[in-house]
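To start, the structure itself, in structure tokens.
The values are calculated or read from the model by the stated rules, or taken from the named source; none is laboratory data. Predicted model, so just to flag it, every value in this text is computed and none were measured. As a convention, Cβ positions derive from the backbone with ideal geometry for all residues, glycine included, and neighbour counts pool all protein chains shown. The accessibility values were calculated without ligands, DNA or RNA, using every heavy atom of the protein model including side chains. Shrake-Rupley method; radii C 1.70, N 1.55, O 1.52, S 1.80 Å.
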Amino acid sequence: MELSIFHAEELEDVLNSIPGLKPSFKKLGDVEVIAESEYVRVGKYRNYVIVLSSEKLDFENAPIETFRIVLTELENGREFQFGTYRFEENTVEIQPGREVDFFELSPIFSELAALKTLSLDAGNRGEFLSKEETKIIDRTVKILENAGTMDISVLEDLAFELSSLKGKFISRYMKFKDEIEEIGQSLIRFKSLSRKYGHFLYELAAEYEDVLSNLRYYETSFDQTLRSVRDSLETIHLKLESIQRRETLELQKRTSALQVAAAVIEFIVVFYYTMGIWSKYADLSMLPKWLSLLTLTVLSATVPLLTEAFGEYLLERRVGKKLVVYSMLMGLCIAIILYTIFF
């Protein structure tokens, strides 16, 4: 007899591959029998389709796993609920001790097929992630070793590259964690079903417990790597912030110096042209020299200050004290100048 395991979504293809099937609606242990013929029975267990046949069948799609069940006499078999058995390379030899419906044992084979498939996939994924982990660690170490001497643009590019590697690694790692969880759940179900039928195939559980333990080791290593990368990225970001703050302070200093220089130039220009225009239209001798000099000085100093205050008003839409004081000073200076011109 052959027992083939398929994914549940392949049910229609499986049924179409087997001629002469008739619908069936009954429960046999943990299996729901959905179709049968003289030589074949098709059932469903969780998200698997199970086909038990006394003849070799050709399916449209290859099964997840196929097991052979051979009835024979055994000298050194393991005991279980229905007699004795021996399992080797997907072939189970059974010497029944009493009448047994092998379809009732099919959930054990389904979980075994799931364990085998998931373990292979998770193992390959773990090895791939391990290589990716090495790349990330090497890149992280290189960045941290040279962070102090790198140009900020180079450091930013490397940080972005490391973040990208981390993102890709996490997406694959989450799939890996899901597979580990599935293996753990499948192993629990396998052991429970095996104990239910007198520890049938229970000796295989130790193999997958070892597999699961190795995968957990990978998982722990990947967790540590992700934490290290996260801490490294935080260190790099702090370094970048420190560099940016330093550059910002230097830029502010240069800007402040330029602003002071611009204010001095503006003061001189206003002073010079105001004095020229004033002396052209008015007789400055009618004022004490100290008063005319003070008026020019206050007016020239007030112009840039009033410009700054007016800019703050445009931004905040609120009349501040500076705007009022500087406006009054400028108004006073202009009044003095107009007085000397018209009176």
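Matching residues to (1) farther than 30 Å from ARG216 by Cα; (2) in contact (Cβ under 8 Å) with a residue 24 or more places away in the chain; (3) basic (Lys, Arg); (4) touching a Lys or Arg at 6+ places or on another chain (Cβ under 6 Å):
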| site | (1), (2), (3), (4) |
| --- | --- |
| TYR48 | no, yes, no, no |
| ILE64 | no, yes, no, no |
| PHE87 | no, yes, no, no |
| ARG98 | yes, no, yes, no |
| LEU115 | no, yes, no, no |
| ALA122 | no, yes, no, no |
| PHE128 | no, yes, no, no |
| ASP138 | no, no, no, no |
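Write out, first by first residue and then by second, each pair whose Cβ atoms fall under 7 Å of each other, whose residues are 6+ apart or on separate chains, and whose first residue, in segment 1-12, is charged (D, E, K, R) while the second is open to solvent by less than 40 Å² (accessible area, probe 1.4 Å).
GLU2/SER53; GLU10/VAL49
For segment 194-203, how many residues meet the condition of being surrounded by fewer than 18 Cβ atoms within 10 Å (Cβ to Cβ) and closer than 18 Å to ASN90 by Cβ?
Total satisfying the criteria: 2.
Across segment 282-319, what is the total count of residues that are open to solvent by less than 50 Å² (accessible area, probe 1.4 Å), over 17 Å from PHE267 (Cα atoms) and modelled with pLDDT of 75 or more?
Matching residues across segment 282-319 total 1.
Rundown of residues vs (1) at pLDDT below 80; (2) surrounded by fewer than 19 Cβ atoms within 10 Å (Cβ to Cβ), yes/no style:
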{"position": "GLU133", "(1), (2)": "no, no"}
{"position": "THR140", "(1), (2)": "yes, no"}
{"position": "GLY148", "(1), (2)": "yes, yes"}
{"position": "SER153", "(1), (2)": "yes, yes"}
{"position": "SER163", "(1), (2)": "yes, yes"}
{"position": "ARG172", "(1), (2)": "no, yes"}
{"position": "SER192", "(1), (2)": "no, yes"}
{"position": "GLU209", "(1), (2)": "no, yes"}
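Within segment 174-190, take every residue that is under 14 Å from SER110 (Cα atoms) and charged (D, E, K, R) and give me the one that is most open to solvent (accessible area, probe 1.4 Å). Let's see the steps before the verdict.
Narrowing segment 174-190 to residues under 14 Å from SER110 (Cα atoms): 182-183, 185-190.
Now drop any that are not charged (D, E, K, R), which leaves 182, 189.
Details: GLU182: 85, ARG189: 66 Å².
So the residue we want is GLU182.
Taking into account only those residues within segment 320-343 that are of a type in the set (Phe, Trp, Tyr) and surrounded by fewer than 11 Cβ atoms within 10 Å (Cβ to Cβ), which is nearest to ALA262 (Cα to Cα)?
PHE342
State whether one or more residues within segment 94-103 are modelled with pLDDT of 90 or more and in contact with an Asp or Glu (Cβ under 7 Å, 6 or more places away or on another chain).
Looking for residues that are modelled with pLDDT of 90 or more and in contact with an Asp or Glu (Cβ under 7 Å, 6 or more places away or on another chain), one finds at least one in segment 94-103, hence yes.
Here are LYS22, LYS27, LYS56: which of them is surrounded by fewer than 20 Cβ atoms within 10 Å (Cβ to Cβ) and either within 44 Å of the chain's Cα centre (by Cα) or within 24 Å of SER194 (Cα to Cα) (or both)?
LYS27
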